[in-house]
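Let me begin by presenting the structure, written as structure tokens, before commenting on it.
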Amino acid sequence: MNIRDHSSQFTIYIFTTDVDQGASAKVYLSQAGYDAYFFQDPEALETRLKENAPHILIFSTAALGGALSDFVTHVQGINDDIRFIAITAISQFDILAQYNNFGFVDVISDEPAALESRIVWAVDRACEKLYLTYQNEQLFDDLQTSKQQVEEVHKAAVTSMKAAPEVSDTIAVSTKIGQYRSAQSKEDMIQKYLNNIAGTLCVFFKFLPSVRSFVATHANGVEGQQIQGVGCQLESADVKDLGTQLAMGLLPARFNEMLVEAFHFNPPKALPLYGAQNLEGVFVYSGGLEKHAASQLTEEFALFSLCYSYLVLEKKVDSLEVQDFVTELYNRNYYVKLLGDEVSRARRLKQPVSVVKVAMDDFYEIESSLGEAVRDELLKSVATVIAKTSRSNDQSCRTAANEMAMILPHCSRKGAALRAERLRRIIEGTSFLDNGMKVSISLGISEYPSLCDSAKTLDESATKALSHIVDKGGNKICLYKAPETHRPEFEVPAE
């Protein structure tokens, strides 16, 4: 997700008596695409809050004429959906921490250096969270609608069964719904559909948008080895009109030619499969089918696609709860749970578990000079390398704006250090983006039980190691040094 695609949907108010601070913050936020307004007068602010409440109110604590609690309570009395970002002195951070449950999403130091950039960064993070919350709510609504539709089909089938128990087709509908609902994955459900149209030659081609290609993955009436490697790459112009063509049951010319040659479809007909409005693939069959067979295939597809949409929505909701949308790694909340589970297991098995924290060097410089889209693309690329170089039982998460963490079960500090250095060298030697851009990373390492005594201290010690090496210039690894008073709960065998 790129928040720049949605920033115009968010209204931001800035309230401060510092004209330079407020005006420059408004300019920066407007350039980022937000609907931003600056207020210096408290009465003008209150009038606008009542007329058109913003999504986020940024305010300087120095501009408040009374107590902070009175200001927050008053604003929430006008509209309790407003979220707050405070600009204040570092000495006031502890006080503001008490307001976490009062709609505060961030607190920013009032130090003038790069203040506007820090404001935009805080607003971006807050709006991303709000957008995902709205999206999550919409997904739940869609899921409930889809669930209701499936239940209505099921009830209709049951009603028909009671009214005409001799009609075997009605019984089959109810049975098929149960079959589809029992599928454990998309692939499993696709295969169930093909099984239900046995006797009809039909091939499923998965759509890969990143390479503009359709690749055969499942088939009915064709041996598995006959579809291996079968596919078609489209031209850019084909992709542009793909949705319209598929809606009419047609396919791009080059795809059409391949199907005629490979499967003798005459002519090829397509049933596009969508999941959460994204094209996932097409079922292709011959337009020369007898009317009864073609009708049976399309009617079965209508039932299948409804159940498939329900499955996709379920999985989408699940992934939003645990996944970071930029890197596609697990998010911070899930990281905390995973880390707690792994440390508990390590304690039971008396096996070490290590954490490696990873940060991209020059992160904020890249963001300010190249923009957030490039920053996010680089983050995703680094995350992909981390995932590809990890063991099957490792877990990778994004734990902060510029921080990813690898949880390494059954891995001592020495093994973690070796793997961290290997990852650093891979990233350093890899070219990213189309222009071959180079980046480097810094890594902080800690291990339970040799260097700390709990999941919390394991996370904190890895963060300290990372911060230390970043302050030293980065592009290195750093192993946390345990205090002299630390006594491991059990000894880790030397490697």
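Observations
- Among (1) assigned to a helix (DSSP H, G or I); (2) assigned by TED's automatic domain parsing to the domain that holds LYS472; (3) in contact with a Gly (Cβ under 6 Å, 6 or more places away or on another chain), the one test that ASP341 misses: (3)
- All of (1) in contact with a strand residue (DSSP E or B) (Cβ under 8 Å, 6 or more places away or on another chain); (2) more than 29 Å from ASP362 (Cβ to Cβ) hold for LEU443 with one exception: (2).
- Tally of residues being under 25 Å from the mean Cα position of the chain (by Cα) and not aliphatic (A, V, I, L, M) across region 422-438: 6
- Flag for VAL215 being modelled with pLDDT under 85 and in the same structural domain as ALA294 (by TED's automatic domain parsing): no
- Any hit, region 395-407, residues being in contact with a Pro (Cβ under 9 Å, 6 or more places away or on another chain) and under 26 Å from ASP376 (Cβ atoms): yes
- Only listed residue being crowded, with 18+ Cβ neighbours inside 10 Å, farther than 27 Å from ALA482 by Cβ and modelled with pLDDT of 90 or more, chosen from LEU339, LEU313, LEU303, LEU329: LEU329
- Selection within region 342-394 - surrounded by 21 or more Cβ atoms within 10 Å (Cβ to Cβ) and closer than 27 Å to GLU491 by Cβ: GLU342, VAL343, ALA346, PRO352, VAL353, SER354, VAL355, VAL356, LYS357
- Residue satisfying all of: in region 101-131; without any contact (Cβ under 8 Å) to a residue 12 or more places away in the chain and in a helix (DSSP H, G or I); surrounded by the fewest Cβ atoms within 10 Å (Cβ to Cβ) among these: ASN101
- Selection status of SER7, crowded, with 21+ Cβ neighbours inside 10 Å, of a type outside the set (A, V, I, L, M, F, W, C) and not assigned by TED's automatic domain parsing to the domain that holds ARG375: yes
- Residue under evaluation ASN79, criteria (1) under 14 Å from PHE15 (Cβ atoms); (2) in contact with a helix residue (DSSP H, G or I) (Cβ under 8 Å, 6 or more places away or on another chain); (3) of a type outside the set (Asp, Glu), criterion not met: (1)
- Selection of region 367-389 for residues being modelled with pLDDT of 90 or more and over 19 Å from the mean Cα position of the chain (by Cα) yields only THR389.
- Unique residue being at pLDDT below 85, more than 23 Å from GLU299 (Cα to Cα), out of contact with any Gly (no Cβ under 7 Å at 6 or more places or on another chain) and hydrophobic (A, V, I, L, M, F, W, C) when the list is ALA172, ALA253, ALA163, ALA237: ALA237
One line per residue, one yes/no per condition, for (1) aliphatic (A, V, I, L, M); (2) over 27 Å from ASP5 (Cα atoms); (3) at pLDDT below 80:
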{"position": "GLN92", "(1), (2), (3)": "no, yes, no"}
{"position": "LEU96", "(1), (2), (3)": "yes, yes, yes"}
{"position": "ASN100", "(1), (2), (3)": "no, yes, yes"}
{"position": "PRO112", "(1), (2), (3)": "no, yes, no"}
{"position": "ALA126", "(1), (2), (3)": "yes, no, no"}
{"position": "ASP141", "(1), (2), (3)": "no, no, yes"}
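- Residues that are closer than 19 Å to ALA420 by Cα, assigned to a helix (DSSP H, G or I) and touching a residue at least 60 places away in the same chain (Cβ under 8 Å), drawn from region 360-385: LEU378
- Strands (runs of 3 or more DSSP E) fully within region 395-495 counting 3 or more residues that are at positive phi and among the aromatic types (Phe, Trp, Tyr): none
- Close Cβ contacts (under 6 Å, 6 or more residues apart or on different chains) running from residues in region 31-50 that are more than 16 Å from ALA62 (Cα to Cα) to residues that are part of a strand (DSSP E or B) comprise TYR34/ILE12; ASP35/THR11; ALA36/ILE12; TYR37/TYR13.
- Within region 424-438, if we keep just the residues that are closer than 24 Å to SER210 by Cβ and charged (D, E, K, R), the residue that is surrounded by the fewest Cβ atoms within 10 Å (Cβ to Cβ) turns out to be ASP434.
- Of the residues making up region 467-476, none is farther than 20 Å from MET404 by Cβ and either in contact (Cβ under 8 Å) with a residue 12 or more places away in the chain or of a type in the set (Asp, Glu) (or both).
- GLU421, sole failed condition from (1) modelled with pLDDT of 95 or more; (2) more than 21 Å from LYS456 (Cα to Cα); (3) crowded, with 19+ Cβ neighbours inside 10 Å: (3)
Conditions tested, residue by residue: (1) among the aromatic types (Phe, Trp, Tyr); (2) surrounded by 18 or more Cβ atoms within 10 Å (Cβ to Cβ).
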| residue | (1), (2) |
| --- | --- |
| PHE204 | yes, yes |
| PHE214 | yes, yes |
| VAL222 | no, no |
| GLN226 | no, no |
| VAL230 | no, yes |
| GLU235 | no, no |
| VAL239 | no, no |
| THR244 | no, no |
| ALA247 | no, no |
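The values are calculated or read from the model by the stated rules, or taken from the named source; none is laboratory data. Quick caveat: nothing in here was measured; it's all calculated off a predicted structure. Note: ideal-geometry Cβ built from the backbone for every residue, glycine included; neighbour counts use all protein chains shown.
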